[in-house]
Amino acid sequence: MMKFKHCRLFAFSALALAPVATFAQTWVSYDKTQDVLLGFREAGQPDLVLDLGSYTTFNSAKTIPASYLQGVYGSNLDGVTWSAFGTIWTSSSDPNWKTVFATDPGTVNGVQVGETGPWQNQSAALQASSGTKIYSFGGGLNTAVSASLQSVNVLAANALTLAPNGTSTDKSYTYLMTHTGTGNFMNTFQGGESVEQTLPAGFSAGSVDQKMDLYQLVPGGTGNATLLGTLDVAPGGTITYTPTPEPSTYVLGALGFLGLVGSRWFARRA
């Protein structure tokens, strides 16, 4: 098994039609300077946490097989609550220090679908409140695994469960999201707004995927946070991430469309 951090890219990144890689039986340590985590919780069940790797890889599609969710929660995923999140916690000399990444249940593909619109960039002090909770949680996962705690079950590379959930200040996804708040990093995020989504009743028996956008919040910035892409959970349990096209992609697409329309117009005029 390669021990380099970039091995996560091969585990979770997938181009269209590319096969999903098989994960080795190990946990690659969470890196508080760049990693984005994906967490799941349900009352009475273990937490499931996956490390999706560096935020720098979120310009590529990612696919996580259904076996991960089903291996913990079974085929019926109704009532499972989830989110993706991360931080850049380096040093005061780094302009990216206190950056926060968080899913938004209020938007899909940048379009408002819930009560709130896109997350807003905030002051460094406010973002530090959430950032400290996130990096402490990730560090707690590393500690739990390295100490071989009985409550930890390493499923595969970058995927583990912790049970019972909700009982640890720094190792439980449930505790991170619900202690003194609901779905908001211990009531430190965006004035108490939740970053989570709960899969509804009838979800697994239906055919409608559940989606949330993933944003990058710049410390000290203003206005809407940067939309990175959209996470999608299918009723069968497969999870996919689709990056937001670069502006140049939209331009090229528009030019292609106009070219097609123009060619048809000239053909009709001929």
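Read-outs: derived from the displayed coordinates by stated rules, not from any lab. Here the structure is a predicted model, which means the values were calculated and not measured. Cβ: placed from backbone, ideal geometry, glycine included. Neighbour counts: every protein chain shown.
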task = Calculate, for residue 90 and residue 205, the FRET efficiency according to 1/(1 + (r/R0)^6) with r their C-beta to C-beta distance and R0 35 Å; round to the nearest 0.05.
result = 0.20
ask   = What are the semi-axes of the equivalent ellipsoid of segment 29-170, taken as the square roots of 5 times the eigenvalues of the Cα gyration tensor, listed largest first and rounded to whole Å?
value = 25, 20, 14
message = Distance between the C-alpha centers of segment 37-54 and segment 195-225? Whole Å please.
response = 15 Å
message = Given N residues in segment 185-229, what is its alpha carbon radius of gyration divided by 2.2 N^0.38 Å?
response = 1.54
key: Hz values of 3J(HN,Hα) by residue in segment 65-75 - Karplus curve (6.51, -1.76, 1.60), Gly and Pro given as x   = x, 4, 4, 5, 5, 5, x, 9, 10, x, 7
note = Computed over segment 32-164, the relative contact order (Cα-Cα under 8 Å, seq sep at least six) in percent reads 29 percent
ask   = Taking Rh as the Kirkwood radius computed over C-alpha pairs, what is the Stokes-Einstein D of segment 33-95 at 37 °C in a medium of viscosity 0.692 mPa s, expressed in µm² per second?
value = 244 µm²/s
key: Protection-proxy order for peptides 182-191, 211-220, each taking the mean of Cβ atoms within 10 Å per residue, highest first   = 211-220, 182-191
